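Here is the structure we will look at.
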Amino acid sequence: MRIVIYNIRYGTGTGLHYHMPIPFSGFFAFSTKRISRIADFLDSLDADIVCLVEVDGGSYRHRKLCQAHRLASLQGWEHHFSTKYGKNSILSRLPLLSSQGNAILTRLPVVASREHHLARGMKKTVLEVEFPEFHVLVVHLPLGKSARRSQLKELARKLEPLRKPVLLGGDFNLLHGSSELNYLLSATGMRDADTAGTPTYPSRVPRFRLDRLLVRKEISVRNFTVPRIPLSDHLPIVCDFEIGTRNISTLEIDRL
């Protein structure tokens, strides 16, 4: 199976034009053309699951249509969307911000979808989709280190009761490096799917690993790539995986 993790920046683009005529004015730009280009790119990947961060759920940016619905409908897929600020946050009631969230698109059968609301931070919603054989969760962690540390500890507690294999992906905003994940990894037995440590941000000259995919030990990673495509300020993650197949080390292969 193939899973994609992609922060699409609400389909508002990147580069110099994003800051014209004033810095960050692109945040308010229309997104229909860019979303069409993102749709073509996602179609070329032939994925089974697509986890999107920074999705517009229906503001003027996309003619009051949910970007996740648009992208999923082009493939005849199912989609699940959640605003990222939490139901009780004042940000979830403000124009434009109330439409901002994350989504999971899939062509696989779905058992259930759920929202988990973390205690700290501005961005506090975790979107979970349960499949017959595994769970997929997508996050967008906060920029503040203290809030991020608190959310990672809370995530570890929420993952503990899940009995199926788990894939946890999204924009982790790990501004202080991979060591921020130490507690979560040790508490849950999960591991980083990218052993090469490929940077994903900014997309034109990537230097930081903000975007991650973590997997439980029951999941075998068969291929991991980060395509260099500048449709957003982040690069996408593409991972091919299998459930319940034991990883074979290079040493074991040499012995066969």
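Of all residue pairs spaced 6 or more apart or on separate chains, those with beta-carbon atoms under 7 Å, a first member in the stretch 90-106 that is closer than 21 Å to W77 by Cβ and a second member that is part of a strand (DSSP E or B) and of a type in the set (D, E) are S99/D56; T106/E78.
Conditions tested, residue by residue: (1) touching a Pro at 6+ places or on another chain (Cβ under 8 Å); (2) of a type outside the set (D, E).
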site	(1), (2)
D56	no, no
Y60	no, yes
R63	no, yes
Q67	no, yes
S82	no, yes
L96	no, yes
Q100	no, yes
L105	no, yes
M122	yes, yes
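For V110, the stated conditions do not hold, so it cannot be described as under 17 Å from the mean Cα position of the chain (by Cα), among the β-branched types (V, I, T) and on the phi < 0 side of the Ramachandran plot.
Quick check on the stretch 72-101: of everything there that is under 20 Å from the mean Cα position of the chain (by Cα), closer than 23 Å to L141 by Cβ and among the hydrophobic types (A, V, I, L, M, F, W, C), which residue is modelled with the highest pLDDT? Per the stated criteria, the residue is F81.
Among residues of the stretch 135-158 being buried (at least 21 other Cβ atoms within 10 Å of the Cβ) and in contact with a strand residue (DSSP E or B) (Cβ under 6 Å, 6 or more places away or on another chain), the one that is nearest to I90 (Cα to Cα) is H140. Of all residues in the stretch 162-208, those satisfying the criterion of being among the charged types (D, E, K, R), in a loop (DSSP other than H, G, I, E, B) and farther than 26 Å from F131 by Cβ are R204, R207. Considering L118, L127, the condition of being more than 16 Å from Y6 (Cα to Cα) and among the hydrophobic types (A, V, I, L, M, F, W, C) is satisfied by L118 alone.
The values are calculated or read from the model by the stated rules, or taken from the named source; none is laboratory data. Not measured: the values here are computed from a predicted model. Neighbour counts are summed over all protein chains in view; Cβ atoms, including those assigned to glycine, are modelled from backbone coordinates with ideal geometry.
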